[in-house]
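The values are calculated or read from the model by the stated rules, or taken from the named source; none is laboratory data. Note that the coordinates shown come from a computational prediction; the quantities given were computed from them, not determined experimentally. Positions of Cβ are backbone-derived with ideal geometry, glycine not excepted, and every protein chain shown enters the neighbour counts. For the accessible areas, the whole protein counts, side chains as well, though only heavy atoms, and no ligand, DNA or RNA atoms are used. Shrake-Rupley method; radii C 1.70, N 1.55, O 1.52, S 1.80 Å.
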Number of protein chains: 2
Amino acid sequence: MASEFDLIARYFTRPAHRARLGVGDDCALLDVTPGCELAISTDMLVAGTHFFPDADPQRLGHKTLAVNLSDLAAMGAKPASALLSLALPAADEAWIAAFARGFFALADEHGVELVGGDTTRTPSGGTLTLTVTILGEVPASQAIRRSGAKAGDDIWVSNTLGDAALGLAVLQGKVNLEQSERYYCIQRLEMPAPRIALGLALRGIAHSMLDISDGLAGDLAHIARASGVSAQVDVDVLPLSPALRGVARELALQCALAGGDDYELCFTAAAERRTAVEAAGTAAGVSVTRIGSIVPAAAVPVRFVDGVGHELALRLGGYDHFGA
Amino acid sequence: MASEFDLIARYFTRPAHRARLGVGDDCALLDVTPGCELAISTDMLVAGTHFFPDADPQRLGHKTLAVNLSDLAAMGAKPASALLSLALPAADEAWIAAFARGFFALADEHGVELVGGDTTRTPSGGTLTLTVTILGEVPASQAIRRSGAKAGDDIWVSNTLGDAALGLAVLQGKVNLEQSERYYCIQRLEMPAPRIALGLALRGIAHSMLDISDGLAGDLAHIARASGVSAQVDVDVLPLSPALRGVARELALQCALAGGDDYELCFTAAAERRTAVEAAGTAAGVSVTRIGSIVPAAAVPVRFVDGVGHELALRLGGYDHFGA
């Protein structure tokens, strides 16, 4: 059986170009561009909680990095480096090779250098667990936080909402879709596209931003609470893909508002910056849709209304691993 | 049941003092001191592989951070920030509270700010997995790498070797020790002391350094290979605690040379810097012992000899999670 050190060397050690020192010592050594802050985040993916234990390893490699890149996008930060830790139930070389392919394809696309990590084996029957720490840079004081929303701001989201949740429902056998829509939704679930270019383009424009990982309802509430405001969303203008528009309205709204794993950006900007926001979307090659507005703090952090102002009766909540 | 967000907020969210932005947004934002490089490392601890599933959570909190701090110590870096990810089989609040106590006690001792992380639940029966990413700073070009050893260097280690491995043998019921030595060895296994002060004091003195996490034999071989040299160690001068000196020589050497989890520093320095090395140990409050010397590259990366020059016949290897 190949040793841990052999496997790491074969699949995860690449020469460092930007880093002072990459994989292979006790620490990696990085320079941070003068005038920039370091943006750093970590996400852990657990088999059976975040993905199916038999998930395709190449797609899993993509997604493991993508969800972390999405956190950089949500701050308007430029990706730089990553660390990857794997706890593996077995030293399955074909699995590791495919995982590395998916991981590095996305890393190369975004100029991310793998500078460190850890590979360990779980006891027999243990849980496959993946942790990525991602590092990026943002010019001092230009990061887009959750706490900057102002009453009067427009609320925007990128691309479409709820596709990943519908993809999950399909994989769980709860929903049947026509073949091409089935493929589309599963693709959205398994191969999320981190909105790095949009995040960068929104520096100096967006007042607040985050990525929608736990569903719009819960995530927008984070912006509202952090900013001391409330949000009002018009559910009739939510951007929905043809797949979502083809299912019952209640299911579509459930997916769009409470479904996790979209990794689209939700952000707020002053109403007079609408043209700038749309130009940022065009430059980044992703559609942006205005879905509501920020209002002074009210009884609830987020209100969902339909086109004629009626409050939505759906009971919604974001995904919470320890929730009831 | 408390929600994930509640648990994170209650036990792991503290106001950030040094960081621009701490826990609670998509990323943390950090400033790096001008003229410094960022040192970064990550270690994953898996129940059943790195610790017993019923390990005391407060001690586990200490050790989870300690093994990461040890990587900073091994570069001569000053600790700054950490991120902590937990995959928990259950939302056991008492366990989390005790873990946080152990973690933060050590973090406070070393001025480490927790700036981010992730908390997720494993499926039922899943494996408790902990990942820490640690960040520190080191003045540009002053980090002590593995690759700097030169023929003629002395080889040094801090404190004593093999205690943790003997502690593990005690816990596994393989060895019986008198009560106070039993306590001492288990303490060394469960509460390692990262040698941060020594690492800092050795800047400008040590040519190469690492921390002994997988046993001296394997780890010293890393220095030898990275530096293109070989090492010769006199096993009769290895620093051994009274507990190690009280067991059979073969067991003591097995623990000292191939036992993992010591988290002592192994480093090399020019022979004319012996006084400086000893002064660094004194300043850091930890003993340092000269155990051998670096020689030109030979057939094996590390040779172990006794006081009269006979090669050691023991078959030794460092710990490798995927090894045979």
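Please name all residue pairs, on different chains or six or more residues apart, with Cβ atoms under 7 Å, provided the first residue is in region B:128-142 and is in contact (Cβ under 8 Å) with a residue 40 or more places away in the chain and farther than 19 Å from residue A:41 by Cβ and the second residue is open to solvent by less than 10 Å² (accessible area, probe 1.4 Å) and charged (D, E, K, R).
Close Cβ pairs (under 7 Å, with a partner that is open to solvent by less than 10 Å² (accessible area, probe 1.4 Å) and charged (D, E, K, R)) amount to B:138/B:37; B:140/B:37.
I'm checking my understanding of the structure. Among residues of region A:71-121 that are part of a loop (DSSP other than H, G, I, E, B) and without any contact (Cβ under 8 Å) to a residue 60 or more places away in the chain, which one is farthest from the other protein chains (Cβ to nearest Cβ)?
Within region A:71-121, the match that is farthest from the other protein chains (Cβ to nearest Cβ) is A:111.
Answer yes if at least one residue in region A:167-182 is assigned to a loop (DSSP other than H, G, I, E, B), open to solvent by less than 30 Å² (accessible area, probe 1.4 Å) and either closer than 19 Å to residue A:267 by Cβ or out of contact with any Cys (no Cβ under 8 Å at 6 or more places or on another chain) (or both), and no otherwise.
For region A:167-182, residues assigned to a loop (DSSP other than H, G, I, E, B), open to solvent by less than 30 Å² (accessible area, probe 1.4 Å) and either closer than 19 Å to residue A:267 by Cβ or out of contact with any Cys (no Cβ under 8 Å at 6 or more places or on another chain) (or both): present.
For residue B:15, work out the one condition from (1) more than 7 Å from chain A (Cβ to nearest Cβ); (2) assigned to a helix (DSSP H, G or I) it doesn't fulfil.
Of everything listed in (1) more than 7 Å from chain A (Cβ to nearest Cβ); (2) assigned to a helix (DSSP H, G or I), residue B:15 misses just condition (2).
So, of the residues in region B:126-172 that are in contact with a Lys or Arg (Cβ under 7 Å, 6 or more places away or on another chain) and not hydrophobic (A, V, I, L, M, F, W, C), which turns out to be nearest to residue A:129 (Cα to Cα)?
Looking at the filtered set, the residue picked out is B:136.
Being in a strand (DSSP E or B) and either open to solvent by 10 Å² or more (accessible area, probe 1.4 Å) or more than 27 Å from residue A:38 (Cβ to Cβ) (or both) is the filter here, so list the residues in region A:137-155 that pass it.
Within region A:137-155, A:137, A:139, A:154, A:155 qualify.
What residue, of B:60, B:7, B:29, B:38, is more than 7 Å from every other protein chain (Cβ to nearest Cβ) and hydrophobic (A, V, I, L, M, F, W, C)?
Answer to the selection: B:60.
Go through (1) open to solvent by less than 40 Å² (accessible area, probe 1.4 Å); (2) over 15 Å from the mean Cα position of the chain (by Cα) and name the single condition residue B:73 misses.
Among (1) open to solvent by less than 40 Å² (accessible area, probe 1.4 Å); (2) over 15 Å from the mean Cα position of the chain (by Cα), residue B:73 violates only (2).
Any idea how many residues of region B:31-82 are of a type in the set (S, T, N, Q) and out of contact with any helix residue (DSSP H, G or I) (no Cβ under 9 Å at 6 or more places or on another chain)?
Here the count works out to 4.
Results for (1) modelled with pLDDT of 95 or more; (2) under 23 Å from residue B:134 (Cβ atoms), shown as yes or no for each residue.
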| site | (1), (2) |
| --- | --- |
| B:176 | no, no |
| B:184 | yes, no |
| B:214 | no, yes |
| B:250 | no, no |
| B:258 | no, no |
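Could you please tell me which pairs satisfy a Cβ distance under 8 Å, a separation of 6+ or placement on different chains, a first residue in region B:189-204 that is under 19 Å from residue B:161 (Cβ atoms), and a second residue that is acidic (Asp, Glu) and open to solvent by 20 Å² or more (accessible area, probe 1.4 Å)?
From region B:189-204, the pairs are B:189/B:261; B:190/B:56; B:192/B:261.
If you check A:221, A:193, which single one turns out to be under 25 Å from residue A:282 (Cβ atoms) and surrounded by fewer than 24 Cβ atoms within 10 Å (Cβ to Cβ)?
After ruling out the rest, the residue left standing is A:193.
Just to be sure before I move on: is residue B:127 open to solvent by less than 50 Å² (accessible area, probe 1.4 Å), part of a strand (DSSP E or B) and within 7 Å of chain A (Cβ to nearest Cβ) in the structure I sent?
In short, no.
So if I check each of B:6, B:54, which one is at pLDDT below 85 and surrounded by fewer than 19 Cβ atoms within 10 Å (Cβ to Cβ)?
B:6
Quick check on this structure: which one of B:230, B:293 is modelled with pLDDT of 95 or more, in contact with a helix residue (DSSP H, G or I) (Cβ under 6 Å, 6 or more places away or on another chain) and either surrounded by 17 or more Cβ atoms within 10 Å (Cβ to Cβ) or not in a loop (DSSP other than H, G, I, E, B) (or both)?
B:230
Is there any pair linking a residue in region B:252-268 that is in contact (Cβ under 8 Å) with a residue 12 or more places away in the chain and surrounded by fewer than 23 Cβ atoms within 10 Å (Cβ to Cβ) to one that is among the aromatic types (Phe, Trp, Tyr) and not in a strand (DSSP E or B), with Cβ under 7 Å and at least six apart or on different chains, and which?
B:260/B:319
Give the residues of region B:50-68 that are of a type in the set (D, E, K, R) and outside any helix (DSSP H, G or I), sorted by residue number.
B:54, B:56
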